[in-house]
Amino acid sequence: MAMTGLLALLDDITTLLDDVAVFSKVAAKKTAGVLGDDLALNAEQVSGIKADRELPVVWAVAKGSFLNKLILVPLALTISAFIPWLIQPLLMAGGLYLCFEGTEKLLHTFKDNHEEKETLRQNIKQAKSAAELVTLEKSKVKGAIRTDFVLSAEIIVIALGTVAEQSLLTQALVVSLIAFAVTVGVYLLVGLIVRLDDIGLHLNQSKNAFVQPLGLVILKGAPMLIRLLTIVGTIAMFLVGGGIFVHGLPALHHLAELAISGDIAHLPLMTSLINTGISFSVGLIFGGVAVGIATLISKRRQLKKA
């Protein structure tokens, strides 16, 4: 009798693990697009730090990301179990934040992006004390962790959506597995990206005739990759934020479906380009409105103080 119970338990565990594996694969596919945005945004957020402090900053952001997941996973599971209607409004609030951040970055790029970067470099070079360096780094880390929180929330909600009809245990295992894998994968890649120049230099100094050219290519390509990630990271804010509104607001979702209806629906590339354009445009509009409102509120507060 005891053996029969043990075999039944093992069978249940095997079935559960099989379900977790299957649903984890589905969730990983659905979150793949957000992962690319997450990577680009985080690589962009930690750029501009003194070379010997890049990895410590990446590690600090990674720890903050793990903390975000420790908060978000239980919170998402609790909301899903008791107040599922609250998930979408919270997700849209996060989308608005991303649109707001993207618009601010865009405005700074047009205004004085070069001056800001040069000032940051000079501040890093002129920082004489450990306290000054810590202050400079903290601002970068805090910004990266805030952005990670929003993207992590979306990843968790998407993963949760793939197992919404499953048991609470399956939901918890799948979402936790995706959250852990995403954090480890993203920050390992971010750490690799920010150290590409050192890797290229090491390979370029090698005596191997085949390795040296590869090192030179990496050395020349690393700055361009970082700049590209900066651009992609800003665009990603609008795409992710706008996408949340497109899928979350019925009117926008209906318009998006109309835009890809008819003959266009049979052209995957065209459909993807239209969806991307719609998400970007919506993100830009909401971001502009959010920045405009924030600017008006800030000016009114200044007038009151004056």
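Read-outs: derived from the displayed coordinates by stated rules, not from any lab. Nothing here was measured: the structure is a model prediction, and the numbers come from that model. Virtual Cβ from ideal backbone geometry, glycine too; neighbours counted across all protein chains shown.
Does the stretch 188-249 come out rounded, prolate or oblate by the C-alpha gyration tensor, with a ≥ b ≥ c the root eigenvalues, rounded set by a/c under 1.5 and, if not, prolate when a/b is larger than b/c and oblate if not?
It is prolate, given that a/c is not under 1.5 and a/b is the larger ratio.
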- Note on the structure: Calc'd 3J(HN,Hα), the stretch 218-233, phi into Karplus 6.51 cos²θ - 1.76 cosθ + 1.60 (θ = phi - 60°), Hz, glycine/Pro = x, comes to 5, 4, 6, x, 4, x, 5, 5, 4, 5, 5, 5, 4, 5, 4, x
- Task: Using amide H atoms built 1.01 Å from N in the peptide plane, name the residues 5+ places from GLN166, or on other chains, whose amide H lies under 5 Å from its own.
- Result: none
- Message: Per-residue counts of other Cβ atoms within 10 Å, averaged by peptide: what ranking do you get for 83-89, 274-280, highest first?
- Response: 274-280, 83-89
- Distance from the stretch 231-254 to the stretch 259-301 (C-alpha centre basis), Å: 6 Å
- Could you sort 208-219, 153-164 so that the peptide with the highest average Cβ count within 10 Å comes first and the rest follow in order? 153-164, 208-219
- Convert each backbone phi in the stretch 93-108 into a coupling constant with the Karplus relation 6.51 cos²θ - 1.76 cosθ + 1.60 (shift: θ = phi - 60°), then list the ³J(HN,Hα) values in order as whole Hz, x for Gly and Pro. 5, x, x, 5, 5, 5, 4, 4, 4, x, 5, 4, 4, 5, 5, 5
